Structures are given as structure tokens and as C-alpha cells.
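Okay, structure first, notes after.
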Amino acid sequence: MGISFALSEEQEELRGVVRQFARDKVAPRAQDMNQRAELPLDLVHEMGEMGLFGLPFPVEYGGSGGTYFDLCLAIEEIGRIDQSLGITLEAAVGLGAMPIWKFGTEEQRRRLLPPLSRGEQLAGFGLTEPGGGSDAGALRTRAVPDGDGWLINGSKSFITNVGTPISAFVTITAVTNDNPREISNLIVPRDTPGFTVAAPYRKVGWHASDTRELAFDDCRIPAGNELGERGRGFANFLAILDEGRIAIAALAVGSIQGCVDECVRYAQEREAFGKPIGSYQAIAFKIADMQASAELARNQYWHAAWLMSEGRPFKRQASIAKLYATEAAVTAAREACQVFGGYGFMTEYPVGRFYQDAKILEIGEGTSEIQRMLIARDLGLPH
Ligand SMILES: Cc1cc2nc3c(=O)[nH]c(=O)nc-3n(C[C@H](O)[C@H](O)[C@H](O)COP(=O)(O)OP(=O)(O)OC[C@H]3O[C@@H](n4cnc5c(N)ncnc54)[C@H](O)[C@@H]3O)c2cc1C
């Protein structure tokens with residue numbers, strides 16, 4: 001039996017188009033976006049027109065009729081230039097729209113997916129709470145029946161894409177019954193009375209990406225806003241995260257490759273002791289190590305995505321992809337700053353931005369510790 005790592009013609013084309021867009025349209029503005037800490041809605045709009053927000057969804061729901069792997073290819077290319085815009089795309093599709101696609105009724109899909117697929121609206125994924133993200137099953141947000149709807153009280157922390165001018169709704173986990181304990185998913189539209197979105201966090205990185213705390217204070221939603229089967233809310237959200245790990249790995253690969261791009265250029269131009277710094281083995285080997293980690297991490301996320309597309313078990317491979325790629329991205333960004341010397345510490349050079357943006361990759365959508373825990377459990381270790 002043969003083995004192939006070849007992209008299809010369509011995938012090569014998609015990757016080329018997104019690469020060009022990122023270089024021509026995003027790169028010149030990345031530094032400014034980072035400093036303003038503002039999500040550039042015009043770029044989101046353009047990415048919407050390119051079909052990036054609808055990549056894994058069928059055309060009848062406004063999508064592009066592609067695959068989750070296509071989305072990962074696009075995330076890698078955007079992330080190679082700008083991680084904030086990369087995570088905006090990842091969170092919008094993988095976390096915002098995907099629960100509707102996977103668990104929504106036909107009516108919910110037809111109503112909610114098209115504007116998300118076109119990038120005209122963004123949706124958030126409200127799992128993490130102030131009391132804990134890793135142990136997300138210990139949530140405190142509650143929804144109690146209220147006439148023909150639900151009354152929600154509680155809060156969510158660190159939620160992406162809910163505070164922008166085009167944010168439409170957030171899907172959340174809430175305890176909907178105490179005995180037996182039952183967790184369900186609910187859709188909360190942005191303009192619902194009692195739903196407040198706090199000012200953006202001041203973050204270490206991902207400055208141009210929108211992250212906020214959410215509060216629900218006697219927030220009433222109709223029964224039609226239940227998402228998926230009652231009581232399956234926690235399992236359904238965890239399934240979303242299983243896939244999301246592949247997309248975060250793709251984003252991390254983009255970060256490493258972006259570091260390599262910058263370092264190769266700089267190490268050829270910058271001279272020390274009368275020679276380009278790239279001629280010193282200490283520098284050349286750092287860059288070679290970065291490229292090795294980019295390719296290994298890419299192979300791993302491709303493998304996980306392939307297993308998923310084949311309907312085979314993929315969770316362990318997704319965790320390994322996320323764990324390896326994100327830790328390699330942190331190392332690569334640190335080493336890239338070293339290659340740049342003092343300029344590596346200046347905000348006008350992209351490597352400094354990759355450095356500030358890399359750390360969160362080891363935390364969001366399941367920390368490195370949680371990935372190791374999942375891999376260990378999958379190996380049959382006791383817990
Ligand atoms: C910028 C940003 C964007 C985010 N976007 C979203 C979003 O859109 N939606 C959303 O729901 N969440 C989002 N998050 C939340 C993110 O997923 C959580 O921060 C993450 O899962 C960790 O949860 P925590 O912060 O509560 O840390 P904790 O769970 O409190 O963990 C603290 C530390 O303890 C470790 N730890 C916990 N349990 C164990 C254990 N059993 N064994 C070993 N170590 C353990 C963790 O690995 C970590 O090192 C975002 C976070 C950030 C910073």
C-alpha cells in the first residue's frame with residue numbers, strides 16, 4: 001500500500017492564495033494591528049470573501065465545501081504572518097461555527113451558519129469559567145427552566161471573538177439540572193438582556209484578537225436556543241476541542257515557519273566579525289532546528305487531520321500534534337529572538353511578536369499538561 005503526503009491541486013491552490021494574501025495584505029499591517037490591539041475587520045471581511053470562514057462547511061450553508069484540513073492549511077498560512085489573525089480564524093470556525101454545524105438542528109444551521117461562513121459574523125465558544133478551564137466540567141454557570149425558555153446566571157472567562165462589532169452570539173456550557181447533574185449547550189445572542197461582555201483583557205500576546213469575560217445575570221433565552229441533545233453539552237464541547245487541537249497545532253506550525261522565514265533572511269544580511277551571522281554554526285543550527293521542528297509538527301497535524309477525515313480514532317494524535325507543535329513554537333520564537341540579537345527584543349520585528357504570541361499556544365484549548373494527561377490515559381495509565 002502506498003503512502004502519500006501530496007496535497008490535491010485544490011489544496012495547493014488554496015494554500016498559495018492564502019499565502020499571497022497573508023504576505024501582501026496582512027504582513028504590512030501586522031505590526032500596527034499588534035500595537036493598536038484591534039481586530040482589523042476589513043481583513044476579516046476579505047478573508048470571508050475568500051471563503052476561509054466557511055472552509056469546512058457545505059455550500060448550502062454558505063460554506064466553501066472543503067474540509068477541516070483545508071481550514072488548517074489556511075490557519076497555518078495566516079499564522080505564518082500574524083498569529084492574532086490566525087487565532088481569530090481558528091476560533092471563529094473551529095470553536096464558533098463548528099458547534100452549530102455539528103450539533104445544531106437543521107433550522108439552526110440554516111439560520112446561523114451562512115453569515116458565519118461568510119465571515120460577516122463571528123461567534124464565541126464559552127466553556128472556560130473564572131473558577132477553572134482545565135477542569136471545565138466543574139462549571140458553575142446555571143440555566144433553569146423559565147416558561148418556554150431558560151434563565152442563565154454565571155460567567156465565562158477568556159472567551160474569544162465575542163466582543164467585536166460583528167460578534168453575533170456565544171454558545172456556552174451550563175448546568176441545566178443538578179440531580180442527576182446535567183450539562184447542556186445553549187446559544188446566547190449578543191444583544192440578549194442580562195448578557196454583558198466586559199472590556200477586552202490586556203494580554204501578553206494575540207493583541208489584535210478579541211478576548212473577553214462574559215457575565216449572565218438573569219439572562220433569558222428561548223427554548224429554541226438549546227444546542228444539541230440536553231445533557232450532552234460537556235461531551236459535545238470536548239469533541240469540538242479534540243478537533244481544535246489539530247487547528248492550534250497548525251497555527252503553531254505557522255508561528256515556527258514564520259520564525260524560520262525571518263531568521264533565514266536576517267542571518268544572511270546581518271554581519272558580525274566581518275561575516276554574515278548565518279555562517280556561524282551556532283546561528284545556522286538554531287535555524288535548522290527550527291525548520292526540523294516545523295516539519296515534524298506539520299507532519300503530525302497532517303496525520304491527525306488525515307485520521308479524522310478517515311473517521312479513525314485521532315484524539316491521541318491530535319493531542320500529540322498540539323503538545324509538540326506548541327512547545328516547539330515557544331522554543332522557536334525564543335531562539336528566533338536570539339538570532340536577531342537586540343533587534344529581537346524590539347516590537348517592530350516580527351520575531352518579537354511571535355515570541356509574545358507563542359506562549360498562549362501551550363495554554364489555550366487544553367494546556368500542555370492536559371495533553372500529556374490525555375496521551376497518558378490513552379496509553380492505559382491509571383488515573
Ligand atoms: C487568549 C485566550 C483565549 C481563550 N479563548 C477561549 C475561548 O474562546 N473559549 C474558552 O472556553 N476558553 C478560552 N480560553 C481559556 C483556555 O482554554 C484556558 O485558559 C485553559 O484551558 C486553561 O484553563 P485555566 O486558565 O483555568 O487554567 P487552570 O485549569 O486553572 O490550570 C492552571 C495550571 O494547572 C495545570 N493543571 C490543571 N489541571 C491539571 C491536572 N489535572 N494535572 C496537571 N496539571 C493540571 C494546567 O495545565 C495549568 O498549568 C482562552 C484563554 C486565553 C488566555
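The values are calculated or read from the model by the stated rules, or taken from the named source; none is laboratory data. Remember, predicted model here, so these are calculated numbers, not experimental data. Reconstructed Cβ throughout: ideal geometry from the backbone, glycine too, with neighbour counts over all protein chains shown. Remember, those area values only see protein heavy atoms, side chains included, never the ligands or the DNA or RNA. Shrake-Rupley method; radii C 1.70, N 1.55, O 1.52, S 1.80 Å.
Considering only DSSP states other than H, G, I, E and B, which GluC sites (Glu not before Pro) in segment 255-342 qualify as loop sites with at most 12 other Cβ atoms within 10 Å?
In loop regions of segment 255-342 (DSSP not H, G, I, E or B), the sparsely surrounded GluC sites (Glu not before Pro) are 310.
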Expressed in nanometres to one decimal, the distance between label points 7 Å along Cα→Cβ at residue 309 and residue 203 is 2.8
Once you have the Cα-Cα distance between residue 138 and residue 11, take 0.36 nm times their residue separation minus that, and quote the gain in nm to one decimal. 41.7 nm
What does the highest-first list of 88-96, 151-159 look like by mean Cβ count within 10 Å? 88-96, 151-159
For segment 303-312, Karplus-derived ³J(HN,Hα) couplings (6.51, -1.76, 1.60; θ = phi - 60°; whole Hz; x for glycine and proline) come out as 4, 4, 5, 5, 4, 4, 5, 7, x, 9
Helix-only CD estimate at 222 nm, as mean residue ellipticity for the chain, using -39500 (n - 2.57) per DSSP H run (n ≥ 4): -15500 deg cm²/dmol
Amide H within-cut-off set for residue 206, under 5 Å, with H built and near neighbours excluded: 357
Students sometimes get this wrong: rank 275, 315 by accessible area, probe 1.4 Å, all chains present, largest first. 315, 275
Residues meeting the amide H criterion for residue 367 (H placed from the backbone, H to H distance under 5 Å, 5 or more places apart or on another chain) are none
Karplus-derived HN-Hα couplings along segment 53-61 (A = 6.51, B = -1.76, C = 1.60, θ = phi - 60°), whole Hz, x at Gly and Pro: 6, x, 3, x, 10, x, 4, 5, 10
Would you please put 276-284, 345-353 in order of how densely packed they are, using the mean number of other Cβ atoms within 10 angstrom per residue and starting with the highest? 345-353, 276-284
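For segment 197-251, which GluC sites (Glu not before Pro) pass both filters: DSSP loop (anything but H, G, I, E, B) and at most 13 other C-beta atoms within 10 Å?
Taking segment 197-251 and a limit of 13 other Cβ atoms within 10 Å, the loop GluC sites (Glu not before Pro) found are 229.
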Taking H placed 1.01 Å from N in the peptide plane, check which residues at least 5 places from residue 64 or on another chain put their amide H under 5 Å from its amide H. 54, 55, 57
Full extension between residue 102 and residue 42 adds, at 0.36 nm per residue less the Cα distance, a length in nm of 18.8 nm
Considering only protein heavy atoms and a 1.4 Å probe, what is the carbon-and-sulfur percentage of the accessible area of the chain? 53
Segment 20-129: which trypsin sites (Lys or Arg not before Pro) are DSSP loop and have at most 15 other beta-carbon atoms within 10 angstrom? none
